[in-house]
1. Enumerate the helices (runs of 4 or more DSSP H) found wholly within the stretch 50-158, keeping only those where 2 or more residues are away from the ligand (no atom under 16 Å from the Cβ) and within 14 Å of the chain's Cα centre (by Cα).
2. In the list Asp59, Asp32, which residue meets the criterion of being more than 30 Å from Leu165 (Cβ to Cβ), surrounded by fewer than 21 Cβ atoms within 10 Å (Cβ to Cβ) and at pLDDT below 95?
3. Which ones in the stretch 231-240 are within 16 Å of the ligand (Cβ to nearest atom) and buried (at least 24 other Cβ atoms within 10 Å of the Cβ)?
4. How about the stretch 241-273: which of its residues are of a type in the set (Asp, Glu) and near the ligand (Cβ under 9 Å from one of its atoms)?
5. How do the pairs read when you match residues in the stretch 92-109 that are in contact (Cβ under 8 Å) with a residue 40 or more places away in the chain with residues anywhere that are among the acidic types (Asp, Glu) and assigned to a loop (DSSP other than H, G, I, E, B), using Cβ under 8 Å and keeping only pairs 6 or more apart or on different chains?
6. State all residues of the stretch 145-187 that are among the aliphatic types (A, V, I, L, M) and within 28 Å of Gln225 (Cβ to Cβ); if no residue qualifies, say none.
7. Of the residues Ile142, Ile128, Ile80, which single one is surrounded by fewer than 21 Cβ atoms within 10 Å (Cβ to Cβ) and either under 22 Å from Pro226 (Cα atoms) or of a type in the set (Ser, Thr, Tyr) (or both)?
Amino acid sequence: MGQEQSSPVDESVPPQTLEDRSVESVAKYIRDGHAKKIVVMVGAGVSTSAGIPDFRSPDTGLYSNLARLNLPYPQAVFDISFFRVNPLPFYTLAHELYPGKYRPTISHSFIRLLSDKSLLLKLFTQNIDCLDREAGVPEDKIVEAHGSFALQRCIECKTPFPEDLMKQAVSKRDVPHCLTPQCNGLVKPDIVFFGEQLPENFHRNRSLPCTADMCIVMGTSLTVQPFASLPSFCSDEVPRVLINLERVGGLGTRADDVLVLGDCDAGVRKLAAGLGCEKELEAPVGGDQPRAKRQD
Ligand code: OAD
């Protein structure tokens with residue numbers, strides 16, 4: 001496994017695995033059957049076109065827009081020590097972000113397409129919006145590295161809390177408490193807060209990128225560890241494709257790194273075109289509901 005360099009690969013250095021460092025070449029490599037175990041690593045950028053803000057984009061990112069919650073610092077909304085003292089800001093935000101209001105994006109559909117074609121080894125996501133599941137990516141293919149809204153439990157005695165009561169609490173912006181007699185601890189979705197351990201499923205699968213034959217990173221700033229290190233576990237000769245608004249995390253430093261800088265839906269559309277599956281990509285998800293944010 002190579003050490004990441006900090007500067008981009010010299011353009012005059014030829015790639016070792018791909019014909020060239022282009023989307024077309026990546027598509028050809030897949031079409032020719034060389035990539036059958038693709039790991040995909042994503043963050044909030046794959047959901048922005050659904051209407052969910054990312055975290056760190058200047059102006060539009062969540063962390064620039066939390067003044068209304070009166071937090072000591074933006075990340076406090078996801079900090080377990082702060083939550084114990086003041087859970088209300090998190091539940092105010094949960095009301096806005098709770099699954100059910102948003103529809104999967106083209107980027108989510110692309111991941112489902114890889115899975116349908118038996119090309120997806122694993123999806124590692126930092127997102128808590130469950131849109132990959134909604135797009136039809138099988139649950140056993142997904143590693144929710146930062147947890148999700150799918151389950152919830154008491155932060156003290158760990159007793160699971162019923163989903164219907166959670167939905168009620170979130171819709172009323174109430175803070176739910178444990179139903180176990182004498183406990184009354186705070187209930188929190190199984191989202192990994194700063195100060196908490198990542199799920200067992202992440203640790204079980206974190207070395208999987210070593211066995212991948214392609215890596216696609218989309219819509220993440222790769223700033224939060226240990227997730228941010230996952231692309232570096234891929235072997236040196238394995239093509240790594242970054243589809244993101246900006247260059248991040250040392251991607252672009254290896255001979256077979258391909259940078260597709262721009263909107264990720266546009267990037268996967270290009271890749272799908274190269275694979276000859278644009279129509280499948282655009283097929284409606286879960287019936288004929290629109291992809292855009294639902295109007296409640
Ligand atoms: P960030 O907000 O840090 O990064 C999002 C990345 O996606 C940035 O590089 C954006 O430029 C890019 N981006 C945004 N919209 C895009 C689009 N339409 N097309 C392509 N790229 C786009 O979000 P994450 O990397 O997901 O942790 O953040 C990682 C973790 O930090 C989150 O899981 C969360 C947060 O604190 C927890 O909640 C524990």
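The values are calculated or read from the model by the stated rules, or taken from the named source; none is laboratory data. Owing to the predicted nature of the structure, the values given are computational and were not obtained by experimental measurement. FYI the Cβ positions are ideal-geometry reconstructions off the backbone, even for glycines, and counts take in every protein chain you see.
1. On the way: elements: 80-85, 88-97, 106-116, 131-135.
Output list reads 131-135.
2. Every option except Asp59 fails the conditions.
3. Narrowing the stretch 231-240 to residues within 16 Å of the ligand (Cβ to nearest atom): 231-232, 240.
Result: Pro231, Arg240.
4. Scanning the stretch 241-273 gives Glu246, Asp263, Asp265.
5. Listed by first residue and then by second, the contacts come to Leu97/Asp129; Pro99/Asp129; Lys101/Asp296; Tyr102/Asp129.
6. Of everything in the stretch 145-187, those that are among the aliphatic types (A, V, I, L, M) and within 28 Å of Gln225 (Cβ to Cβ) turn out to be Ala145, Ala150, Leu151, Ile155, Leu186, Val187.
7. Ile80
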